[in-house]
Amino acid sequence: MAQDSLRPETDTTAEIDTTVPRSARIWNYWLGGKDNYPVDHAAGDAFRAVFPGITDLARDSRAFLGRAVTFLAGEAGIRQFLDIGTGLPTADNTHEIAQRVAPDARVVYVDNDPLVLTHARALLTSTVEGATDYIDSDLHDPETVLREAARTLDLSRPVALTMMQVSGHIADHAQARSIIGALMAALPSGSYFAFNDSVDTNAANAEATRRYNESGAVPYHLRAPAELVRFFDGLELLAPGVVPLNDWRPDPDGADRSGDVIAVGGVARKP
């Protein structure tokens, strides 16, 4: 039997609020998924009306995750992954990518959206050799994230921390750096940080985000590219550095290289 979460089953359905849009469900909607509600459709459509490129951004972010995890599980030899703000399960989730390369990979997902956790429990099944688990926790509470992750991961061995399109949920830049720093500080030498997020330099994305934040949804905060680079302070950035998503080790037959910069990403190693 595959080694999945051994946590007791709980019913989170009653906790799902379908009156307020949630970012995980909106991204699922943009990616063509079905795990979303009319309130998410409305918010997603309003965002896309101002910034039509958001659908491409959602796909590019997913493709970046795939390339980064493939590298980490393959060339870098990482066998443990901590995926914070994973979003709703879709094609090529972190554990599926990692375990295709290394069947014994162990993956812990972290999210605080009840719908995400409900679907994770049902869909995130591991290989026999590996393990998957999910944590109902908030990015703002790194101590709890690490304590719970240690149930499945050996934090004395290298871990790849992945954070894709999630750091904007932390309003204060200094706090965001502190949280990421605390997470990486708890991981040993040889661990990795794989990250991407949107930047504030695209006028349409910035305006769409401003309107979204005024809609009553949980706000999202875009940052300057230089601010995102600071999240890698103290780490050894891998080539080609922090770059537009489609420029990070692109597949030969993959998406076109970037024009206008909408989001950047990178991978770094803890020395």
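The values are calculated or read from the model by the stated rules, or taken from the named source; none is laboratory data. The structure presented is a predicted model; accordingly, all values stated were derived computationally and were not measured. Ideal geometry is used to build each Cβ from the backbone, glycine not excepted, and the neighbour counts take in all protein chains shown.
Assorted remarks:
- Taken as a whole, the stretch 159-179 holds no residue that is farther than 25 Å from Pro89 by Cβ, of a type in the set (Val, Ile, Thr) and touching a helix residue (DSSP H, G or I) at 6+ places or on another chain (Cβ under 6 Å).
- Looking across the stretch 99-127, the residues that are over 16 Å from the mean Cα position of the chain (by Cα) and either in a loop (DSSP other than H, G, I, E, B) or of a type in the set (Lys, Arg) (or both) come down to Arg100, Ala102, Pro103, Asp104, Ala105, Arg106, Arg121, Thr125, Ser126, Thr127.
- Among the residues of the stretch 131-158, those that are assigned to a loop (DSSP other than H, G, I, E, B) and within 15 Å of the chain's Cα centre (by Cα) comprise Ser137, Asp138, Leu139, His140.
- Filter pass, Leu31 being buried (at least 23 other Cβ atoms within 10 Å of the Cβ) and of a type outside the set (Gly, Ala, Ser): no
- Qualifying residue in the stretch 207-228 (condition: within 25 Å of Ala73 (Cα to Cα) and at pLDDT 95 or above): yes
- Scanning the stretch 10-61 for residues that are among the small types (Gly, Ala, Ser) and closer than 12 Å to Thr90 by Cβ gives Ala24, Gly32, Gly33, Ala58, Ser61.
- Taking (1) touching a strand residue (DSSP E or B) at 6+ places or on another chain (Cβ under 6 Å); (2) modelled with pLDDT of 95 or more; (3) buried (at least 17 other Cβ atoms within 10 Å of the Cβ) in turn, Ser258 satisfies each apart from (2).
- Scan of the stretch 40-98 for residues that are small (Gly, Ala, Ser), farther than 19 Å from Asn213 by Cα and either in a helix (DSSP H, G or I) or out of contact with any helix residue (DSSP H, G or I) (no Cβ under 9 Å at 6 or more places or on another chain) (or both), ordered by number: Ser61, Ala63, Gly66, Ala68, Ala73, Ala76, Gly77, Ala98
- Filter result for Pro89 (in contact with a His (Cβ under 8 Å, 6 or more places away or on another chain), under 22 Å from Thr18 (Cβ atoms) and in contact (Cβ under 8 Å) with a residue 24 or more places away in the chain): yes
- Pair list, Cβ < 8 Å and 6+ apart or interchain, from the stretch 16-29 residues that are in contact (Cβ under 8 Å) with a residue 24 or more places away in the chain and among the charged types (D, E, K, R) to residues that are surrounded by 15 or more Cβ atoms within 10 Å (Cβ to Cβ) and not in a loop (DSSP other than H, G, I, E, B): Arg22/Asp40; Arg22/Leu115; Arg25/Asp40; Arg25/Leu115
- Test: residue in the stretch 192-199 that is surrounded by fewer than 22 Cβ atoms within 10 Å (Cβ to Cβ), under 21 Å from Leu245 (Cβ atoms), of a type in the set (S, T, N, Q) and touching a residue at least 12 places away in the same chain (Cβ under 8 Å): no
- Taking each residue of the stretch 243-254 that is within 14 Å of Val199 (Cα to Cα) and looking for partners that are assigned to a helix (DSSP H, G or I) with beta-carbon atoms closer than 9 Å, six or more apart or interchain, yields Pro244/Asp60; Leu245/Leu57; Leu245/Asp60; Leu245/Ser61; Leu245/Ala63; Leu245/Phe64.
- Residue within the stretch 179-197 that is modelled with pLDDT of 95 or more, under 30 Å from Val39 (Cα atoms) and in a helix (DSSP H, G or I) present: no
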